[in-house]
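The structure appears right after this line, and notes come after that.
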């Protein structure tokens with residue numbers, strides 16, 4: 001065996017072992033073990049490990065191993081595309097999958113045709129390589145995989161929430177290495193044979209970095225398929241018990257609570273305890289779960305089996321955890337705050353999306369804008385209800401500073417006209433009531 | 001002061017949440033703009049909390065609405081409030097609205113106080129989305145782009161009695177004040193009151209002040225034609 005041949009064999013063998021180790025890591029580590037979308041990517045990695053192993057043997061001029069490399073590329077790409085489809089769209093079936101399947105069948109056919117594999121002498125040694133139409137199709141299928149992988153990486157990177165941007169960047173670098181850069185090196189083999197070894201290095205390195213980013217932050221896999229906005233728990237009397245937000249929702253609060261109230265009023269003949277209802281709206285989807293003591297509503301952009309399962313488990317655990325106080329009819333929301341542990345248990349992988357930019361200005365909601373005392377007193381007299389007062393302060397904090405005094409002038413100019421109008425309205429109302437009574 | 005925050009939030013993450021909030025307060029007290037970058041970098045430096053834990057705390061503060069969006073209002077964001085949106089839409093769709101219409105359709109006494117009602121209107125005015133004119137003793141809110149006279153015209157054309165009188169005067173070159181009452185089925189005092197208001201608002205003008213001869217002012221005539229405004233006659 002020549003030195004260069006040995007080096008190439010070794011690089012490929014190390015690549016094979018590395019893929020195997022990455023796949024095994026994903027199988028055994030609890031953080032990534034149970035994520036459904038990673039299931040198919042794990043299968044793909046095991047197949048890639050086998051592919052690289054046969055590729056290393058092909059370097060030693062075993063023709064059958066070279067044929068196997070081509071054959072294995074089909075299931076490796078097929079399962080990888082299914083896995084990526086799940087992370088992008090929460091479904092396996094897309095046009096790209098059908099195309100890969102069609103290409104794969106053709107690849108399998110060509111694998112067994114004569115002339116698909118030949119012995120090539122380069123850098124002083126002979127190795128078995130796939131050639132002709134077989135090679136073209138093999139390159140095409142791997143290029144498809146690379147482009148699709150890059151598309152996934154780019155889309156994830158562009159949509160990553162600000163709080164996990166660092167992991168998003170690491171993820172994208174990994175994807176870039178194992179997709180576009182690798183496939184570019186594949187095509188540059190014609191220029192210099194060294195690029196063959198470089199493709200092995202970049203694909204292993206890229207995949208390793210990608211998997212590391214996912215391990216570090218599994219939320220990366222849940223950025224694209226849907227967005228979770230809000231979860232609300234109410235008891236059977238309609239009192240809110242627990243509330244959790246992941247993002248601002250377009251769904252009107254009144255509409256959302258209206259659906260929750262409606263589900264609560266439905267009898268057991270209409271909706272069974274424990275059943276889930278999906279309500280599709282323009283603004284998104286509301287997943288409702290009616291349990292024995294509570295009703296839960298989750299607002300998201302799309303329904304998914306994963307979300308429905310999470311809501312169902314959360315509901316059951318919530319009732320188990322707070323059964324004693326639910327039976328007593330406790331409506332103090334502070335008693336249910338420890339439900340946050342259940343949020344971490346069932347919804348920990350869903351990213352928060354409150355702000356898009358790390359420099360986006362924020363406010364502390366409890367910290368009031370400091371106004372001159374005489375203005376503050378006038379505002380307190382005008383807006384006696386605490387919620388009203390807080391809303392006004394929130395608006396004031398976001399408005400030009402002169403508004404605080406300008407509003408008082410505007411109020412004084414117009415309050416008499418309004419009060420006269422309200423008085424007339426009340427008189428009219430009273431007259432109508434009297435007429436009705438008569 | 002952190003006393004207003006729910007105790008349970010502090011308890012859920014114990015001291016770390018409180019410390020991060022103290023850091024945020026410190027930033028606000030220094031008159032610096034509060035954002036994720038500055039909260040994160042300063043908390044990391046001062047408190048030595050691991051990155052993951054710090055991000056969890058910040059996420060918790062967002063989800064409990066302790067940290068909220070602080071960007072200044074723009075013309076667009078002012079309309080995110082449902083009442084302001086409805087008021088704005090009503091004013092634009094109706095080519096102007098009075099307090100009475102806004103109270104009836106958008107913000108009645110059950111929706112909130114008079115102060116809140118006026119607050120929303122003031123915000124819309126402050127951000128140049130609407131404007132206010134006075135017609136007699138009534139306030140009318142118009143779209144910001146609408147000409148004041150056109151706004152007044154729209155206001156009058158919504159009232160049948162005003163429309164009848166305008167139609168009459170429009171059909172003649174000029175008419176004596178006294179003759180108006182004879183040609184419309186409206187009480188004399190009311191006719192004179194309407195004519196007075198329309199003169200004050202420059203809808204009508206005197207052709208001959210000695211004879212009290214009136215006509216529609218040229219600008220109003222143009223507005224009626226250019227905007228293809230429908231009067232009772234045209235209907």
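Only the coordinates and a few stated rules stand behind these numbers; no lab work does. Because the structure is predicted, anything quoted here is derived from the model rather than measured. Don't worry about glycine lacking a Cβ; one is built from the backbone with ideal geometry, like all the others, and counts go over all protein chains shown.
Values for this structure:
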| quantity | calculated |
| --- | --- |
| Debye intensity ratio in log₁₀ form over the Cα atoms of segment A:298-435, taken at each q of 0.10, 0.14, 0.15, 0.18 Å⁻¹ | -0.73, -0.93, -0.95, -1.06 |
| Förster radius 25 Å - calculated FRET efficiency between residue A:248 and residue A:366, Cβ distance, rounded to 0.05 | 0.80 |
| A:139, A:176 arranged by Cβ crowding within 10 Å, fewest neighbours leading | A:139, A:176 |
| Residue mean of other protein chain beta carbons inside 10 Å, A:350-361 | 5 |
| Computed Rg/Rh of segment B:80-119, alpha carbon atoms with Kirkwood Rh | 0.93 |
| Average Cα contact separation per residue, chain A, under 8 Å, 6 or more apart, as relative contact order % | 11 percent |
| Cβ-based exposure ranking for A:167, B:210, in which fewest neighbours within 10 Å come first | B:210, A:167 |
| R0 of 45 Å, Cβ-Cβ distance residue B:32-residue A:413: FRET efficiency to nearest 0.05 | 0.75 |
| Near-label residues of segment A:298-337 by backbone N, under 14 Å of a point 7 Å along Cα→Cβ of residue A:292 | A:315-329 |
| Segment A:317-341 versus segment A:1-78: alpha-carbon centroid distance in Å | 50 Å |
| Where only C-alpha atoms are counted, convex hull volume of segment B:97-183 per residue in Å³ | 116 Å³ |
| Virtual spin-label span in nm between residue B:132 and residue A:109, 7 Å along Cα→Cβ | 7.9 nm |
| Cα-Cα P(r), the protein assembly as shown, percent of pairs per 10 Å interval | 3, 12, 16, 17, 15, 12, 11, 7, 4, 2, 1, 0, 0 |
| Two-decimal Rg/Rh across segment B:41-117, once Rg and the Kirkwood Rh are taken from alpha-carbon atoms | 1.28 |
| FRET E, pair residue A:325, residue B:113, Förster distance 35 Å, beta-carbon r, rounded to 0.05 | 0.45 |
| Among A:67, A:214, A:375, residue whose mean-square fluctuation peaks in a GNM of chain A (springs only between Cα atoms under 10 Å) | A:375 |
| Peptide A:379-385 - average C-beta neighbours from other chains (10 Å radius) | 3 |
| Computed P(r) (all Cα pairs; segment A:113-185; 5 Å bins; percent) | 3, 15, 17, 15, 13, 12, 8, 7, 6, 4, 1 |
| 10 Å Cβ neighbours from other chains, averaged over peptide A:398-411 | 4 |
| Antiparallel bridge percentage (DSSP; both residues within chain A; nearest 5) | 95 percent |
| Compactness index (Cα Rg / 2.2 N^0.38 Å), segment A:37-138 | 1.18 |
| Value at 222 nm in deg cm²/dmol, rounded to 500, when DSSP H runs of n ≥ 4 in chain A each add -39,500 (n - 2.57) | -20500 deg cm²/dmol |
| Neighbour-count order for A:192, A:313, fewest beta carbons within 10 angstrom listed first | A:192, A:313 |
| Cα-Cα pairs of segment B:137-235 separated by more than 25 Å (percent) | 14 percent |
| Largest-first principal axis extents of the Cα set of segment A:333-411 (Å) | 52, 33, 18 |
| Centroid-to-centroid separation of segment B:67-85 and segment A:101-138 [C-alpha atoms, Å] | 62 Å |
| Calculated on alpha-carbon atoms, Rg and Dmax of chain B in Å | 28.7, 89 |
| Diffusion constant of segment A:113-236 at 37 °C, which comes from Stokes-Einstein with the Kirkwood Cα-pair radius and 0.692 mPa s, µm²/s | 195 µm²/s |
